[in-house]
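Peer 1: Below: one structure in structure tokens.
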Amino acid sequence: MQEAIRALIRHFGEDLSREGLIKTPERVEKVWAHLMSGYTMKLDDIINGAIFDAPGDDMVIVKDIEIYSMCEHHLLPFFGKCHIGYIPQGKIVGVSKLARIADMYARRLQVQERLAHEIARAVMKVLEPQGVAVIIEARHLCMMMRGVEKQNSEMRTSAMLGAFRKRPETRAEFMALISK
Ligand SMILES: [Zn+2]
């Protein structure tokens with residue numbers, strides 16, 4: 001990877017032996033290893049048994065989970081907030097695990113639409129709840145850095161599974177709760 005980074009820097013006519021750049025390929029490699037670490041994570045390892053029996057079927061919501069991901073079209077970050085809701089069917093999961101599931105899929109090359117769906121499907125698989133809802137609101141540097149007129153635009157994507165897809169009132173309740 002360091003050779004690829006050197007080629008990129010060289011491409012713009014920069015001097016790789018310059019003080020500020022000399023260690024850049026090494027640093028970039030480390031950063032990317034972190035940004036792409038989702039590829040080597042496994043759902044089972046993340047959950048690590050933190051699933052609990054719970055009575056009731058009231059909606060569980062975790063809102064404002066920070067996400068940082070990389071747009072696969074431009075290799076630039078997109079970042080924002082992820083809201084996850086589910087209706088249990090006898091099982092719940094530790095709140096921090098939902099954030100870690102979001103990280104696992106965010107730390108890959110992504111498009112925002114797929115990210116929401118992958119998170120939703122993972123929660124579905126782990127908990128087998130009545131339904132899962134995921135909404136992501138994010139800003140994309142590939143849009144923000146290229147045109148002044150797009151600097152404040154935020155993209156919102158959602159994935160609704162099970163009860164959230166089937167029942168408009170369930171979806172509406174989720175939307176109301178996350179906008180508080
Ligand atoms: Zn992009």
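The values are calculated or read from the model by the stated rules, or taken from the named source; none is laboratory data. Since the structure is predicted, the reported quantities are computational estimates derived from the model, not experimental observations. Every residue, glycine among them, receives a Cβ derived from its backbone with ideal geometry; neighbour counts consider all protein chains shown.
Peer 1: Quick check: anything in segment 144-154 more than 11 Å from Gly85 (Cα to Cα), of a type in the set (S, T, N, Q), within 16 Å of the ligand (Cβ to nearest atom) and modelled with pLDDT of 90 or more? Reasoning before the result, please.
Peer 2: Narrowing segment 144-154 to residues more than 11 Å from Gly85 (Cα to Cα): 144-154.
Keeping just the survivors that are of a type in the set (S, T, N, Q) gives 151-153.
Right, trim to within 16 Å of the ligand (Cβ to nearest atom) and you get 151, 153.
After this cut, where a residue has to be modelled with pLDDT of 90 or more as well, the list is none.
Within segment 144-154, not a single residue is more than 11 Å from Gly85 (Cα to Cα), of a type in the set (S, T, N, Q), within 16 Å of the ligand (Cβ to nearest atom) and modelled with pLDDT of 90 or more.
Peer 1: Among what's in segment 125-151 and is part of a loop (DSSP other than H, G, I, E, B) and without any contact (Cβ under 8 Å) to a residue 12 or more places away in the chain, pick the residue that is nearest to the chain's Cα centre (by Cα). Before you say what the answer is, go through the steps one by one.
Peer 2: Residues of segment 125-151 part of a loop (DSSP other than H, G, I, E, B): 128-130, 145-147, 151.
Add one more test, that the residue is without any contact (Cβ under 8 Å) to a residue 12 or more places away in the chain, and what stays is 146-147, 151.
Details: Arg146: 23, Gly147: 24, Gln151: 21 Å.
The selected residue is Gln151.
Peer 1: Tally the residues that are assigned to a loop (DSSP other than H, G, I, E, B) and closer than 25 Å to Leu109 by Cβ, restricting the search to segment 1-13. Even if it seems obvious, please write down each step before you answer.
Peer 2: Filtering segment 1-13 down to residues assigned to a loop (DSSP other than H, G, I, E, B) leaves 1, 12-13.
Add one more test, that the residue is closer than 25 Å to Leu109 by Cβ, and what stays is 1, 12.
Matching residues across segment 1-13 total 2.
Peer 1: Pro77 versus (1) within 17 Å of Met155 (Cα to Cα); (2) of a type outside the set (Asp, Glu); (3) surrounded by fewer than 21 Cβ atoms within 10 Å (Cβ to Cβ); (4) touching an Asp or Glu at 6+ places or on another chain (Cβ under 9 Å): which is the lone unmet condition?
Peer 2: (4)
Peer 1: Considering Ile119, Ile84, which residue is hydrophobic (A, V, I, L, M, F, W, C), within 18 Å of Arg171 (Cβ to Cβ), away from the ligand (no atom under 15 Å from the Cβ) and not in a strand (DSSP E or B)? It would help to see each step written out before you state the result.
Peer 2: Working: Ile84 fails: not in a strand (DSSP E or B).
Of Ile119, Ile84, the one residue that is hydrophobic (A, V, I, L, M, F, W, C), within 18 Å of Arg171 (Cβ to Cβ), away from the ligand (no atom under 15 Å from the Cβ) and not in a strand (DSSP E or B) is Ile119.
Peer 1: Considering every residue within segment 102-110, establish whether at least one is surrounded by 12 or more Cβ atoms within 10 Å (Cβ to Cβ), part of a loop (DSSP other than H, G, I, E, B) and within 16 Å of the ligand (Cβ to nearest atom). Show your work before the answer.
Peer 2: Taking segment 102-110 and keeping what is surrounded by 12 or more Cβ atoms within 10 Å (Cβ to Cβ), we get 102-110.
Applying the additional criterion that residues be part of a loop (DSSP other than H, G, I, E, B) yields 107-108.
In the following step, the residues that additionally are within 16 Å of the ligand (Cβ to nearest atom) were identified as 108.
The answer is yes; a qualifying residue exists.
Peer 1: Tell me, yes or no, whether segment 52-71 has at least one residue that is within 16 Å of the ligand (Cβ to nearest atom), within 17 Å of the chain's Cα centre (by Cα) and under 20 Å from Phe174 (Cα atoms). Before you say what the answer is, go through the steps one by one.
Peer 2: Our first condition is that a residue be within 16 Å of the ligand (Cβ to nearest atom); within segment 52-71, this holds for 67-71.
Within this subset, residues satisfying the condition of being within 17 Å of the chain's Cα centre (by Cα) are 67-71.
After this cut, where a residue has to be under 20 Å from Phe174 (Cα atoms) as well, the list is 67.
Checked against the condition, which is being within 16 Å of the ligand (Cβ to nearest atom), within 17 Å of the chain's Cα centre (by Cα) and under 20 Å from Phe174 (Cα atoms), segment 52-71 yields at least one hit.
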